[in-house]
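**Q** Below you'll find the structure I mean.
Only the coordinates and a few stated rules stand behind these numbers; no lab work does. Just so it is clear, the model here is predicted, and its values are computed rather than measured. Reconstructed Cβ throughout: ideal geometry from the backbone, glycine too, with neighbour counts over all protein chains shown.
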Amino acid sequence: MLELPKKEDLPRIRNTVKVYKVSAIITGSFLLLLCLMMVLRYVLGVDIEMAGPAGFLALTPKDMIVGTNISTAILIIHGWLYVLYLGCDFVIWRLMGWSFGKFLLIALGGIIPLLSFFFERSVPKQVEEAIALKHPTIELATK
């Protein structure tokens, strides 16, 4: 049976965890913006417009936007940030040898509001605990 995490993978795991923490915060922030944008779009019937006739930023019905549609930009940016978040999740999951269910659970952090902020704190702790359990002679990165 394969013993994971492997000692030679520890630097890669720790670097991925650093990127994961940043991506979790940024993806979670854009997810909150996305939730606000969805309320504006589907409840109030307006999108966020920048540099339109109503001023620098304005709430404008979607079919009347002539400036930059910030609502669409939020959708696109969150989508690409979620790809980065999922990539980090995948690398951590593969190198740590966790179950597929755990991969899916962590992946939910990019689509359930506020969950990524929780995972940003708990996933690195779980990684370090697993490393300490498998390799007790290696000093934890958090010290």
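**Q** Look through region 42-81, keep the residues that are touching a strand residue (DSSP E or B) at 6+ places or on another chain (Cβ under 6 Å) and closer than 27 Å to Ala107 by Cα, and return whichever of them is surrounded by the most Cβ atoms within 10 Å (Cβ to Cβ).
**A** Ser71
The rows are residues; the columns are (1) under 17 Å from Tyr20 (Cβ atoms); (2) outside any helix (DSSP H, G or I); (3) hydrophobic (A, V, I, L, M, F, W, C); (4) under 21 Å from the mean Cα position of the chain (by Cα).
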site: Trp93; (1), (2), (3), (4): yes, no, yes, yes
site: Phe103; (1), (2), (3), (4): yes, no, yes, yes
site: Ala107; (1), (2), (3), (4): yes, no, yes, yes
site: Phe118; (1), (2), (3), (4): yes, no, yes, yes
site: Ser122; (1), (2), (3), (4): yes, no, no, yes
site: Lys125; (1), (2), (3), (4): yes, no, no, yes
site: Glu129; (1), (2), (3), (4): yes, no, no, no
site: Leu133; (1), (2), (3), (4): no, no, yes, no
site: Pro136; (1), (2), (3), (4): no, yes, no, no
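**Q** Something else now. Output the residues belonging to region 61-86 that are assigned to a helix (DSSP H, G or I) and without any contact (Cβ under 8 Å) to a residue 40 or more places away in the chain.
**A** Applying the first criterion (assigned to a helix (DSSP H, G or I)) to region 61-86 yields 62-64, 70-86.
If the condition is that a residue be assigned to a helix (DSSP H, G or I) and without any contact (Cβ under 8 Å) to a residue 40 or more places away in the chain, then Lys62, Asp63, Met64, Ile70, Ser71, Thr72, Ala73, Ile76, Gly79, Trp80, Val83, Leu86 are the ones that fit.
**Q** Let me ask something else. Quick check on my filter: what residues within region 87-121 are under 30 Å from Val46 (Cα atoms), free of Cβ contacts under 8 Å to residues at least 40 places away in the same chain and either in contact with a His (Cβ under 8 Å, 6 or more places away or on another chain) or not hydrophobic (A, V, I, L, M, F, W, C) (or both)?
**A** Passing the criteria: none in range.
**Q** Does region 1-13 hold any residues that are in contact (Cβ under 8 Å) with a residue 40 or more places away in the chain and surrounded by fewer than 16 Cβ atoms within 10 Å (Cβ to Cβ), and which are they?
**A** Step one: filter region 1-13 for residues in contact (Cβ under 8 Å) with a residue 40 or more places away in the chain, giving 2-7, 9-10, 12-13.
If the condition is that a residue be in contact (Cβ under 8 Å) with a residue 40 or more places away in the chain and surrounded by fewer than 16 Cβ atoms within 10 Å (Cβ to Cβ), then Leu2, Glu3, Leu4, Lys6, Lys7, Arg12 are the ones that fit.
**Q** Sticking with this structure for a sec: Any idea which of (1) of a type outside the set (A, V, I, L, M); (2) crowded, with 17+ Cβ neighbours inside 10 Å; (3) out of contact with any Gly (no Cβ under 6 Å at 6 or more places or on another chain) is the one Phe100 doesn't satisfy?
**A** The single condition Phe100 does not satisfy is (2).
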